[in-house]
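Asker: I have a structure here, written as structure tokens, and I will follow up with some questions on it.
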Amino acid sequence: MNNFTIGTYATNYLPSVDYEALVEAMKAGEELGVTVIYDGPETASAEAQVALIASYAKQGVDAICISSV
């Protein structure tokens, strides 16, 4: 997979669970040869989620993975 980018979103950025998800997502990206972008707000909210999804769409990512708020 060349030039394939996946944007991922965590509802609560940086707690230990999200850190583990970040590590595993990056590891899987390397194994698959894809770029993984991982981001999330300091506090979970629908508004922040919508803004990040819009940002990923504007960046032209190929897929977006989110966890619900």
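Asker: Any chance you could count how many residues in the stretch 26-48 are modelled with pLDDT of 85 or more, crowded, with 17+ Cβ neighbours inside 10 Å and over 11 Å from Ile6 (Cβ atoms)?
Answerer: Summing the residues that are modelled with pLDDT of 85 or more, crowded, with 17+ Cβ neighbours inside 10 Å and over 11 Å from Ile6 (Cβ atoms) in the stretch 26-48 gives 0.
Asker: Residues being more than 12 Å from Ser67 (Cα to Cα), over 11 Å from the mean Cα position of the chain (by Cα) and either at pLDDT below 80 or open to solvent by less than 40 Å² (accessible area, probe 1.4 Å) (or both): count how many of those fall in the stretch 4-16.
Answerer: The total comes to 3.
Asker: Restricting the search to the stretch 34-69, which residues are acidic (Asp, Glu) and in a loop (DSSP other than H, G, I, E, B)? Reasoning before the result, please.
Answerer: We begin by selecting, within the stretch 34-69, every residue acidic (Asp, Glu); these are 39, 42, 47, 62.
Of everything in the stretch 34-69, those that are acidic (Asp, Glu) and in a loop (DSSP other than H, G, I, E, B) turn out to be Glu42, Asp62.
Asker: Name the pairs whose Cβ atoms lie under 6 Å apart, with the first residue in the stretch 33-50 and of a type in the set (A, V, I, L, M, F, W, C), the second assigned to a loop (DSSP other than H, G, I, E, B) and open to solvent by less than 60 Å² (accessible area, probe 1.4 Å), and 6 or more positions between them or separate chains?
Answerer: Ala44/Thr11; Ala48/Pro41
The values are calculated or read from the model by the stated rules, or taken from the named source; none is laboratory data. Only a predicted model underlies this, so the values are computations on that prediction, with no experimental measurement involved. With ideal geometry, Cβ positions are generated from the backbone for all residues, glycine too; neighbour counts draw on all protein chains shown. Ligands, DNA and RNA are excluded from the accessible area calculation, which covers all protein heavy atoms including side chains. Shrake-Rupley method; radii C 1.70, N 1.55, O 1.52, S 1.80 Å.
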